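Below is one structure; the comments refer to it alone.
The values are calculated or read from the model by the stated rules, or taken from the named source; none is laboratory data. Since we're looking at a predicted model, the values are computed, not measured. Backbone-built Cβ (ideal geometry, glycine too); neighbour counts: all protein chains shown.
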Amino acid sequence: MPSEQTGSDREIAEFVQRWYDLLSEHAPVEELLPFVADKGLVMAFPERTLYGHADFLDWYTAVGEAYTDQSHTVEEVTSHEDGTRIDVDVTVVWTAKSTADGTVSSFRINQKWQLERSTPGARPLIVDYRVGEPAAI
């Protein structure tokens, strides 16, 4: 019988879902930055590694110019909280249309995140975000 999600597991699943909803909507970057640490950030994508809000802004602008009609479908989220640190494994399907040639691509991607809270119970922030190799679907 599957185990019930704890309050923390639900909170993290909702955090992940909201993150991807904002990315799919191509929300203003100001809505995404509160999810991401500025100091000590490492966001490793296949094309680039980001180290703070300025890098994130550059990357987000470039992706927004390169792709339209983006969608992110969260397939799985598992999390383990230890004090103020939360380890998260995410499987997401990313679909987007290239602005260069109009082709549509879909990939299933496994990601590993680390979130941190400033104090127990505080809103978490993404401090480490590692994107695995995308698998075309």
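Points to keep in mind about this one:
- Test result for Leu33, closer than 15 Å to Arg130 by Cβ and either in contact (Cβ under 8 Å) with a residue 24 or more places away in the chain or not in a loop (DSSP other than H, G, I, E, B) (or both): no
- Qualifying residue in the range 101-121 (condition: in contact with a helix residue (DSSP H, G or I) (Cβ under 9 Å, 6 or more places away or on another chain), exposed (fewer than 15 other Cβ atoms within 10 Å of the Cβ), in contact (Cβ under 8 Å) with a residue 24 or more places away in the chain and not small (Gly, Ala, Ser)): no
- Scanning the range 94-121 for residues that are closer than 27 Å to Gly40 by Cα and either within 16 Å of the chain's Cα centre (by Cα) or of a type in the set (A, V, I, L, M) (or both) yields Trp94, Ile109, Asn110, Gln111, Lys112, Trp113, Gln114, Leu115, Glu116.
- Filtered residue count, the range 75-97, keeping only those that are surrounded by 13 or more Cβ atoms within 10 Å (Cβ to Cβ) and out of contact with any Phe, Trp or Tyr (no Cβ under 6 Å at 6 or more places or on another chain): 14
- Of the numbered criteria (1) within 13 Å of the chain's Cα centre (by Cα); (2) modelled with pLDDT of 95 or more; (3) not charged (D, E, K, R), the one Phe45 fails is (2).
- Taken as a whole, the condition of being part of a loop (DSSP other than H, G, I, E, B) and of a type outside the set (A, V, I, L, M) applies to Glu47.
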